[in-house]
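Notes follow once the structure below has been shown.
The values are calculated or read from the model by the stated rules, or taken from the named source; none is laboratory data. The model shown is predicted, which means the values in this text are computed figures rather than measured ones. When we count neighbours, we look across all protein chains shown, and the Cβ atoms used for this are built from the backbone with ideal geometry, even at glycine.
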Amino acid sequence: MSKQLKFRFKKTLKKADFVHADLEYHKELMPEAQKLFSETVENLVSCLSEEDQERLKKIGRHKQEIFEQQALQQVLERINKQKENILEKEVSLSGNEARALVPTVAEVTEEPQEQPEKRKLMELKKLFHRIAEQTHPDKVGTRGFSNKEVLRLEKVFKKALTAYNENNWYILYSIALNLELEIGGIDQEHIDWVEEDIRKTLSAIAQVGRLVAWVWYVGDEQSKARALKDYFQQMYGFVYPGL
């Protein structure tokens, strides 16, 4: 690896670390934002006349039914996609925990395919295989670790399994580094994979940032009032007095 490539990769990893930390920040605070925003909305609704309250409740129930139907459809689509990934990558479910069918030696050592996507899938399989050797519950349970360490490694395995199913090379690479596994050579393609993960992570952050509860949560007084006004107008078609 050239010196330039080495430091470009290091720089890209640091950027990925930062955006993942930012995503974790949003995910950790979002439940509180939703809770406080909902409580504020409920307090505002309680200040309205009984007639307006009843009208808003009817509209809310109707929209909730539509939302639940859409959410159910999204869950089913996500489950079907996960099943496709599991079948494609030879991951099976056994008993009450997820088990990965570890690739054979022949699969792990065969030459990478010419196509970039096939090469990435093979790299993912190699990394996941090595991580599973260190963290799979069946293997960890026979090594005399403490219960605390067994639980820690089980969480690492589940995180790696999720990353593997989501084609996330950056997460698998980071886990491998934390486990002090020796990693092979890095090239431009690996940098491209990390940059792809950065783009997806930034997109996930942006999705949270556009939610009205988040805009209200992090905003100043004017922003909070505007977010509440927009919410009542979009949710109920109702102009709340004084907002």
* Asked: Quick one: in segment 127-146, which of the residues that are basic (Lys, Arg) and surrounded by fewer than 19 Cβ atoms within 10 Å (Cβ to Cβ) is modelled with the highest pLDDT?
  -> Lys139
* Structure fact -> Quick count over segment 199-218, residues being crowded, with 16+ Cβ neighbours inside 10 Å and outside any helix (DSSP H, G or I), is 1
* Among the residues of segment 176-198, is there at least one that is over 21 Å from Met1 (Cβ atoms) and surrounded by 18 or more Cβ atoms within 10 Å (Cβ to Cβ)? -> no
* To do: State whether one or more residues within segment 37-58 are surrounded by 10 or more Cβ atoms within 10 Å (Cβ to Cβ), within 20 Å of Trp216 (Cβ to Cβ), of a type in the set (S, T, N, Q) and at pLDDT 80 or above.
  => yes
* Test result for Tyr231, more than 28 Å from the chain's Cα centre (by Cα) and crowded, with 16+ Cβ neighbours inside 10 Å -> no
* To do: Please work out which residue is farthest from Leu202 (Cα to Cα), limiting yourself to segment 1-16 and to residues that are touching a residue at least 24 places away in the same chain (Cβ under 8 Å) and of a type outside the set (Ser, Thr, Tyr).
  => Met1
* Structure fact -> Picking from Glu133, Glu182, Glu149, Glu196, the residue that is in a loop (DSSP other than H, G, I, E, B), among the acidic types (Asp, Glu) and free of Cβ contacts under 8 Å to residues at least 40 places away in the same chain would be Glu182
* On the given criteria, is Lys159 surrounded by 12 or more Cβ atoms within 10 Å (Cβ to Cβ) and either out of contact with any helix residue (DSSP H, G or I) (no Cβ under 8 Å at 6 or more places or on another chain) or of a type in the set (Lys, Arg) (or both)? -> yes
* Asked: For the subset of segment 199-216 comprising residues that are touching a residue at least 12 places away in the same chain (Cβ under 8 Å) and under 30 Å from Ser2 (Cα atoms), which member is nearest to the chain's Cα centre (by Cα)?
  -> Thr201
